[in-house]
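Read the structure below first, then the notes.
The values are calculated or read from the model by the stated rules, or taken from the named source; none is laboratory data. Being a predicted model, the structure only gives us computed values, none of them experimental. All Cβ positions, glycine included, derive from the backbone under ideal geometry; neighbour counts span all protein chains shown. Each accessible area value is taken on the protein alone, full model and side chains, heavy atoms only, with ligands, DNA and RNA left out. Shrake-Rupley method; radii C 1.70, N 1.55, O 1.52, S 1.80 Å.
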Amino acid sequence: EKYKTGGVQSKGNFSFKCGKVEVCALLGKGKGSWPAIWMMPEKSVYGGWPKSGEIDIMEQLNFDAIFYQTVHSDYVDIQKQKDNPKYFTTALFKPGEFNLFGLEWYPDRLDFTINGSKTFSYPRVEGKGTSQWPFDQEFYLILNQALGGNWVGSITDSDLPVQMVVDWVRVYQKTE
């Protein structure tokens, strides 16, 4: 293998429903770099991807000074309902510095943040059911540094190595 990429995930060890996630990370850069902080369902109770949902807290490509925050579901990816409500945003981060990528997950909306400021909110739409809102089950965290792929494109060897440095990960939940 010419390239090795890696990551960590909490599947089977830690999953949760609703709460606040914050990840303090420094993103590397290079042609073909694709760091991500994201969440997937622990049990996929509504079926395989995208039916049980995916929450992308941060995906960054190549040398971009922007990153993406996105939700995936049957409603978005199969029914192609991408504008009502809007399913993603892009936001600026501070390249070369540690940034705080976040998600505040409520029963009726997902609020995405960067460095403590809200960038985007994805609401639960009444009457659309689990195809639009599969976010009523436990999800686990994934932090990974990928290289190459259809979205990010080819890799430039002279830009390597590239890494995402994670200082800390915190998950907060209300106690009952």
> Structure shown: which of LYS2/LYS80; LYS80/LYS174; LYS31/LYS94; LYS20/LYS94; LYS31/LYS51; LYS2/LYS86 lie over 27 Å apart, alpha-carbon to alpha-carbon?
Replying inline: LYS2/LYS80; LYS80/LYS174; LYS31/LYS51; LYS2/LYS86
> Where does each of 53-59, 137-143 land if you order them by average Cβ count within 10 Å, highest first?
Replying inline: 53-59, 137-143
>> Is the C-alpha gyration tensor of segment 23-87 telling us rounded, prolate or oblate? Criteria: a/c under 1.5 is rounded; beyond that, a/b larger than b/c is prolate, otherwise oblate.
In response: prolate
> Using unit Cβ charges (K, R positive; D, E negative) and no other charged atoms, how large, in debye to the nearest 20, is the dipole of the chain about its Cα centre?
Replying inline: 80
> Where does the charge balance sit around GLY153 when Lys and Arg score +1, Asp and Glu -1, over other residues with C-beta under 13 Å from its C-beta?
Replying inline: -1
>> Using each residue's phi in segment 72-88, evaluate 6.51 cos²θ - 1.76 cosθ + 1.60 at θ = phi - 60° and report the 3J(HN,Hα) Karplus result to the nearest Hz, with x for Gly and Pro.
In response: 10, 6, 4, 4, 6, 8, 9, 7, 6, 8, 9, 10, 9, x, 4, 9, 7
> In deg cm²/dmol, rounded to 500, what helix-only [θ] at 222 nm does the chain give when every DSSP H run of at least 4 residues adds -39500 (n - 2.57) and the total is split over its residues?
Replying inline: -500 deg cm²/dmol
>> Name the residue from LEU92, GLN79, CYS24 whose Cα lies farthest towards the positive end of the charge dipole of segment 17-114, charges +1 on Cβ of Lys and Arg and -1 on Cβ of Asp and Glu.
In response: GLN79
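Magnitude of the Cβ-charge dipole of segment 112-176, K/R +1 and D/E -1, about the Cα centre, nearest 20 debye?
Roughly 280 debye for segment 112-176.
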>> Can you give the local net charge around ASN115? Use residues other than it whose beta-carbon is closer than 11 angstrom to its beta-carbon, Lys and Arg +1, Asp and Glu -1.
In response: 0
>> Suppose the chain between SER158 and LYS94 were pulled fully straight at 0.36 nm per residue; how much longer would it get relative to their current alpha carbon spacing?
In response: 20.7 nm
>> Given contacts defined as C-alpha pairs under 8 Å and at least six residues apart, what's the relative contact order of the chain, whole-number percent?
In response: 38
> Gaussian network model of the chain, Cα springs within a sub-10 Å range: biggest mean-square fluctuation belongs to which of GLY127, GLY32, GLY96?
Replying inline: GLY127
> Tell me, what % of the accessible area of segment 69-142 is carbon and sulfur with a 1.4 angstrom probe?
Replying inline: 47
